[in-house]
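Reading through the structure tokens given below for one structure.
The values are calculated or read from the model by the stated rules, or taken from the named source; none is laboratory data. This structure is a prediction, so every number in the text was calculated from the model and none was measured. Positions of Cβ are backbone-derived with ideal geometry, glycine not excepted, and every protein chain shown enters the neighbour counts. We work out accessible area using only protein heavy atoms, side chains counted, and drop any ligands, DNA or RNA first. Shrake-Rupley method; radii C 1.70, N 1.55, O 1.52, S 1.80 Å.
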Amino acid sequence: MASLLLLILSPKGGDLDRSVLPAMAFIDPTGANRKEIAQLLNQVSQHLLDYLTDAAQQSPLPAADTPAVTLPDMPIAVGDLLQQLDQILAQSMNPAHPGYIGHMDPLPTTFSIIGDWLAAALNNNMLSVEMSPVFSRLEPQLMAAIAQRFGLGPKAGGVLVSGGSLANLQALAVARNAKLGTLTAGLTTLPKPPVFFASALAHSSIRKAAMLLGLGQEGVISIPADEQGHMKIEALAAAIAQAKNQGQQPFAVVATAGTTVTGNIDPLPKIAAIAQQQDLWFHVDGAYGGALAFSTRYRDRLKGIEQADSVTFNPQKWLYVAKTCASVLFRDMGKLQQHFQVAAPYMNAEADWINLGEISVQGTRHADVLKLWLSLQHLGLKGCEALIDASYDLTKHFVAAIRQRPYLELATVPEMNVICFRGCPEGRSPDAWNQDLQQYLLNIGNGFMSLPVYRQQRWLKAVLLNPFTTPAKIDQLFTHMDDFWRRSDHDR
């Protein structure tokens, strides 16, 4: 009776009541609203284009108001919605600005923007081959090609994930299962508490991974870094011996290729040798610095990474692909399947292609491979190399400007395009002075640098990613720094 009543009340015997939906709620697959959709997409693209092509005239980090969020009963008119969209654009972080040099967030390549738009429209699911037939074939082939850039060998490959944190988590999960046999029984049967080793300057996601893997944050044994931000090899060897003497079970060591604050690279060959000698899984977090594999001139700085069992690499950083686009690569994809795969029986299986949701942390996943593939096709390897090499040239210019000013000092010698430095005024708190300088540069010169903590003090950090940041722009920032220095010295 209830079913009959619903049928009577529903429009046309069960048809959707479209009177409460806007005419362009969906793109009609029969083309009935094609003209209206075309007009809408053109309007949106014009708003976006207006914003992006005027980005240099806006603040790199504008002030943002807390929005008053409401859920309307009825559809909002498109004109009103676009007006609200413009307000959101105006208050967003603006990495396209040539003065935005504060974080590892580049402006995205044109074709990675297009790729994201297309992937959203197609809405394929990377869970299985059936749900993403072309992308589930494209991703493993592209990951295998990228793994070869790192010299990981013929069995290498990987999967895309939503961020470096998930990449590190998955790599360490495979390491734990492969070295300790915990895939099925977990940690409860282990006779000794498992631990792994990472630099004191390793990314915070390493501690998160330990927590999520049941080791607790104390399951990461922190190895001190030297004055140049490199893991101390002697300290690593001593820590491994001490862990064994204390009844712990070491199973992995994590090296960093591009620390977050100073951009330094751990001594990969020496760490690899210790890992091999001690039968430890060797993981390299190259989320940022892994892009050096695309530079003929600078790839030697990654020497030793070819010996890694797994590598985290984020094209969303120094390869300029729109977020999110991160990856975890494995020397032997067979080990990934053996020590991580969980079958999805509700999905069809392909004879020659694996369901990627079975071998990654995520099941449902956006088809990020499309924007990565499009961007690499559009730029080419030579284009990627030119972008990386130009960043180094700009870094040399920036560092030279620091060394010309006695009131500034470097935290470490930069090994990439990340420069950590600060002002060191006499009679003033360095933390407060550098914080004031950061705000002054943003307000006066539209230059944004971040203010991380390093060695228990505040430092300024510049990441020279933007291809539209010029030596002239850098010179302008240093002119503003000189003005600030003179004013603060006069006030003192």
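Tabulated data for the structure shown
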read-out	value
Residue match in the stretch 298-308 (condition: surrounded by fewer than 24 Cβ atoms within 10 Å (Cβ to Cβ), on the phi < 0 side of the Ramachandran plot and not in a helix (DSSP H, G or I))	yes
Residue match in the stretch 212-219 (condition: among the hydrophobic types (A, V, I, L, M, F, W, C), outside any loop (DSSP other than H, G, I, E, B) and in contact with a helix residue (DSSP H, G or I) (Cβ under 9 Å, 6 or more places away or on another chain))	yes
Residue check, residue 39 closer than 30 Å to residue 467 by Cα, in a helix (DSSP H, G or I) and either at pLDDT 95 or above or open to solvent by 90 Å² or more (accessible area, probe 1.4 Å) (or both)	no
Test: residue in the stretch 184-204 that is farther than 30 Å from residue 419 by Cα, of a type in the set (Gly, Ala, Ser) and part of a helix (DSSP H, G or I)	no
Residue ID - nearest to the chain's Cα centre (by Cα), chosen from residues in the stretch 69-91 that are open to solvent by 80 Å² or more (accessible area, probe 1.4 Å) and under 30 Å from residue 438 (Cβ atoms)	88
Residue check for residue 295: in contact with a strand residue (DSSP E or B) (Cβ under 6 Å, 6 or more places away or on another chain), of a type in the set (Ser, Thr, Tyr) and either modelled with pLDDT of 95 or more or buried (at least 18 other Cβ atoms within 10 Å of the Cβ) (or both)	no
Hits in the stretch 373-423 (condition: farther than 19 Å from residue 465 by Cα and within 21 Å of the chain's Cα centre (by Cα))	373, 374, 377
Of the criteria (1) of a type outside the set (Gly, Ala, Ser); (2) at pLDDT 95 or above; (3) farther than 28 Å from residue 290 by Cα, which one residue 66 fails	(2)
Top-ranked residue in the stretch 154-163 [being in contact (Cβ under 8 Å) with a residue 12 or more places away in the chain and not in a strand (DSSP E or B); ranked as nearest to the chain's Cα centre (by Cα)]	163
Residue within the stretch 429-438 that is in a loop (DSSP other than H, G, I, E, B) and at pLDDT below 95 present	yes
Residue ID - most open to solvent (accessible area, probe 1.4 Å), chosen from residues in the stretch 192-208 that are without any contact (Cβ under 8 Å) to a residue 40 or more places away in the chain and either touching a strand residue (DSSP E or B) at 6+ places or on another chain (Cβ under 9 Å) or aromatic (Phe, Trp, Tyr) (or both)	207
Some residue of the stretch 122-131 being open to solvent by 10 Å² or more (accessible area, probe 1.4 Å), without any contact (Cβ under 8 Å) to a residue 40 or more places away in the chain and more than 20 Å from the chain's Cα centre (by Cα)	yes
Residue within the stretch 166-176 that is buried (at least 20 other Cβ atoms within 10 Å of the Cβ) and in a loop (DSSP other than H, G, I, E, B) present	no
Among the residues listed as 361, 399, the single one being closer than 19 Å to residue 315 by Cβ and either assigned to a helix (DSSP H, G or I) or open to solvent by 40 Å² or more (accessible area, probe 1.4 Å) (or both)	361
Residues of the stretch 309-337 that turn out to be surrounded by fewer than 24 Cβ atoms within 10 Å (Cβ to Cβ), polar (S, T, N, Q) and not in a loop (DSSP other than H, G, I, E, B), as a count	1
Looking only at the stretch 255-269, and only at residues there that are touching a Phe, Trp or Tyr at 6+ places or on another chain (Cβ under 8 Å) and assigned to a loop (DSSP other than H, G, I, E, B), the one that is surrounded by the fewest Cβ atoms within 10 Å (Cβ to Cβ)	261
Residues located in the stretch 422-446, provided they are hydrophobic (A, V, I, L, M, F, W, C), open to solvent by less than 50 Å² (accessible area, probe 1.4 Å) and closer than 16 Å to residue 97 by Cβ	441, 442
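Table: residues versus (1) part of a helix (DSSP H, G or I); (2) over 17 Å from residue 371 (Cα atoms).
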{"site": "108", "(1), (2)": "no, no"}
{"site": "111", "(1), (2)": "yes, no"}
{"site": "121", "(1), (2)": "yes, no"}
{"site": "130", "(1), (2)": "no, yes"}
{"site": "139", "(1), (2)": "yes, no"}
{"site": "142", "(1), (2)": "yes, no"}
{"site": "145", "(1), (2)": "yes, no"}
{"site": "152", "(1), (2)": "no, yes"}
